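The values are calculated or read from the model by the stated rules, or taken from the named source; none is laboratory data. Just so you know, these numbers come straight off a predicted model, no measurement behind them. When we count neighbours, we look across all protein chains shown, and the Cβ atoms used for this are built from the backbone with ideal geometry, even at glycine. These area figures cover heavy atoms from the full protein model, side chains too; ligands, DNA and RNA do not enter into them. Shrake-Rupley method; radii C 1.70, N 1.55, O 1.52, S 1.80 Å.
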Amino acid sequence: MAEWVRRFTDEQARALVNLRPRYEALIEAEAALAALPYNLVRKTVGGREYLYEAIDRLNNGKSLGPMRPELEQKLADYRSTKADQQGRRATASQLVQEIARLAQPLRLPVLSSGAGEILRELDRRGLLGEAVLVVGTSCIPAYSLEAGGLITEAPAETEDFDLTWVAEAAREDAALWAALKAVDPTFTVNTERPFQARNRRAYEVELLVAPSREKTLHSGERPRPVPMPEQEWLLPGRWVDQVLPCRDGTAARLIAPDPRWFALHKIWMADQPSRNTLKRDKDRKQGIALLGAVAEAMPHYPLDEAFVASIPPGLAAVWRSWRDSCQRGAS
């Protein structure tokens, strides 16, 4: 029988375990800084000092009133909090980089730099797992961490980034589009494929959605996905939540679908006539390897009777084919 997972060495596992708390400290500091006003500054107007809440580098903004004891304290508290969080961010960033720089020599699973930038912004804004899941090839490194070793025979390189919308409650803003623009203001919607956004480097981000979640999208959200019934298959189960190093020496958190459902969906995609012919082989290899990894190294994702009973008709044939091939291989 094939071995689908090459176990991490003690050194690899130690680096990956240590990466998560350092990354979380970094994101907490960045989120705390984002929650603060852009700046608080003193301004003298007509011979009197005022406290202003600035909104840009030119200190344009609104007056909070003439300086008085409570505003003096507000300014002192702001400066103290900002300095503290900036220090925490700098320390955490340095610690993350210390581990992320080991990714190449230790041969750790990594994310692309482009995906990392987007994921960090989504994480800072609280959108990962709340509004979006990662559903493309970028998930494979996260599944490797979940399996405790590199999943062999599963292509993990990609030049694009796929998300599916999972928010259960209606959003009051175009949250994803704001995040993409914060990462790179050159992102624009592909007019020929409105579910796709591209930046000036031609890096592509696609947004998908299950029909049951379409109504929670804000009317101004971009890209604008077309509801796809098969996206419903990626919603159930227990999602994977991992922190990974990126190629540029940073790190990012990634939340992906339950690996059992993701794998079955990938194999199903490979059989669809409408699927890009050049992607079918990759889809099939990823799905088969991931199901093998689940069976071999993810007992917390059981392929038991309860799971089999939950498989919808559209994926039943995929499951039977994989199960039968495993049985033939074991005989």
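What to note about this one:
- Residue-normalised convex hull volume from the C-alpha trace of region 134-185: 105 Å³ per residue.
- Residue-wise HN-Hα coupling along region 220-229, computed from phi with Karplus coefficients 6.51, -1.76, 1.60 (Hz; x: Gly, Pro): x, 5, 9, x, 10, x, 8, x, 10, x
- Summed side-chain charge close to ASN60 - residues other than ASN60 whose Cβ falls under 13 Å, Lys, Arg +1, Asp, Glu -1: +1
- Against the compact-protein benchmark of 2.2 N^0.38 Å, the Cα-based radius of gyration of the chain scales to 1.16.
- Compared with the alpha-carbon gap, the fully stretched path from ASN276 to THR91 is longer by 62.1 nm at 0.36 nm per residue.
- In whole angstrom, region 110-233 maps to an equivalent ellipsoid with semi-axes of 23, 17, 14, each derived as √(5λ) from the alpha carbon gyration tensor and ordered largest first.
- Which of MET228, MET67 is most accessible, then next, and so on - probe 1.4 Å: MET228, MET67
- Sulfur and carbon atoms: percent of accessible area, the chain [1.4 Å]: 49
- Across region 4-112, counting alpha-carbon atoms alone, Rg and Dmax equal 21.3, 74 Å.
- In the context of the full set of protein chains, residues of the chain present 50 Å² of accessible surface per residue (probe radius 1.4 Å, heavy atoms only).
- GNM flexibility winner over the chain from SER212, SER112, SER274 (Cα, springs under 10 Å): SER274
- Förster-model FRET efficiency, 35 Å R0, MET228 and ASP10, C-beta, rounded to 0.05: 0.25
- Rounded to the nearest whole Hz, the Karplus-based 3J(HN,Hα) values (6.51 cos²θ - 1.76 cosθ + 1.60, θ = phi - 60°) of region 205-217 follow the sequence 10, 10, 10, 10, 7, 7, x, 5, 10, 4, 5, 8, 6, with x at glycine and proline.
- Difference of contour (0.36 nm per residue) and Cα-Cα distance, HIS218 to GLU168: 16.8 nm
- Under 22 Å, Cα to Cα: Lys pairs in the chain, sequence gap 8 or more or different chains: 9
- For region 60-99, the normalised intensity computed at q = 0.22, 0.25 Å⁻¹ comes to -0.74, -0.83 (log10 of I(q)/I(0), Debye sum over alpha carbons, equal scatterers, no solvent).
- In this structure, THR152 and GLU49 have a Cβ-Cβ separation that, at R0 = 56 Å, corresponds to a calculated FRET efficiency of about 0.25.
- Other residues whose C-beta falls under 13 angstrom from the C-beta of LEU264 contribute a net charge of 0, scoring Lys and Arg +1 and Asp and Glu -1.
- Taken about its Cα centre, the chain carries a charge dipole of roughly 700 debye when the Cβ of each Lys and Arg holds +1 and the Cβ of each Asp and Glu holds -1.
- Of the DSSP H helices in the chain, those whose Cα atoms cover at least 20 Å axially and whose Kyte score averages -0.5 or more: 10-35, 277-297
- Estimated translational D of region 204-287 in µm²/s (Stokes, Kirkwood radius over Cα pairs; 37 °C; 0.692 mPa s): 222
- Rh (Kirkwood; distinct C-alpha pairs) - region 92-157, Å: 13.2
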